[in-house]
Amino acid sequence: MRINKYLSSIGVASRREIDRLVEKGSIKVNGAIATPGMQVSESDTIEINGKKFRKNRGKVYFMLYKPTGVISAAKDDRGRKTVVDLVKYQERIYPVGRLDFDTEGLILLTNDGDFFNKIMHPKSEVYKEYHVDVMGKVNKLEIDKLKRGVRLEDGITLPAKVELLDSSHETSKLRISIREGRNRQIRRMCKAVGHPVTHLKREKIGELSLGRLKKGGFRELSKKEIEYLYSL
């Protein structure tokens, strides 16, 4: 298997990052500096930045209820708490997609690179459901705009599922499901129709739900849940 695909598939880093490490001469295979596109296997001895790479014990999948004030990343240069800090696992894992610093809710973490690409690609049709509090009274015309697609600075959003849960003159509660992952997309969509978001929580990814998971809590996905995600 090509070295970038092999190391990505077992959770070392993305293929692009592996390619950068190879170009810098930071990876050795059986004592020799790796070359772009070279073939490797589990029997090869691989060193990364001078340290022998130890393959982890297998693919793992976690669900985390991310609180606000936590970064959706494996590490942060500014020393802020990350989702990886909350999931106590001794080997490298990383988040599938992201939630904004000021957004709470369901996020997945894994060491399976192929899983990441499958779940996050818009063609996968995996909808992410959000519970959204916004300013002002949302009307039917605005809900229809959100459903059809809203023009943002990076293009029109794909059609969304939108349900009005509650409304008053001051605030409204919505349930919005999207299958894209643009930066701060829900917030930008709501602002585009005149209703800034005051609170945002991701409740579901596909059929996976937070359920009774408490804020800051995590658990491993069941075999049935993993099979469901791969079946989409």
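The values are calculated or read from the model by the stated rules, or taken from the named source; none is laboratory data. Everything numeric in this text was worked out from a predicted model, so none of it was measured. Counting neighbours? That spans all protein chains shown, and the Cβs are built from the backbone with ideal geometry, glycine included. Heavy atoms of the whole protein, side chains included, go into the accessibility calculation; ligands, DNA and RNA do not. Shrake-Rupley method; radii C 1.70, N 1.55, O 1.52, S 1.80 Å.
Restricted to segment 1-91, the set of strands (runs of 3 or more DSSP E) holding at least 2 residues that are in contact (Cβ under 8 Å) with a residue 12 or more places away in the chain and either touching a Phe, Trp or Tyr at 6+ places or on another chain (Cβ under 8 Å) or among the charged types (D, E, K, R) (or both) comprises 46-48, 61-66.
Within segment 155-182, the set of residues being among the small types (Gly, Ala, Ser), in contact with a strand residue (DSSP E or B) (Cβ under 6 Å, 6 or more places away or on another chain) and in a strand (DSSP E or B) comprises SER172, SER177.
The set of residues in segment 183-206 that are in a loop (DSSP other than H, G, I, E, B) and either modelled with pLDDT of 95 or more or surrounded by 12 or more Cβ atoms within 10 Å (Cβ to Cβ) (or both) comprises ARG184, VAL193, GLY194, HIS195, PRO196, GLY206.
Here LYS173 clears all of (1) surrounded by 14 or more Cβ atoms within 10 Å (Cβ to Cβ); (2) under 21 Å from ARG98 (Cα atoms); (3) not β-branched (Val, Ile, Thr) except the condition numbered (2). Here PHE62, PHE53 are screened, and the one residue that is aromatic (Phe, Trp, Tyr), more than 15 Å from the chain's Cα centre (by Cα) and surrounded by 13 or more Cβ atoms within 10 Å (Cβ to Cβ) is PHE53. Within segment 169-190, residues that are more than 21 Å from LEU108 (Cβ to Cβ) and aliphatic (A, V, I, L, M) have Cβ atoms under 8 Å from residues that are assigned to a loop (DSSP other than H, G, I, E, B) and open to solvent by 30 Å² or more (accessible area, probe 1.4 Å) in no pair, counting only partners at least 6 apart in sequence or on another chain. When only residues in segment 113-128 that are part of a loop (DSSP other than H, G, I, E, B) and touching a strand residue (DSSP E or B) at 6+ places or on another chain (Cβ under 7 Å) count, which is modelled with the highest pLDDT? This residue is TYR127.
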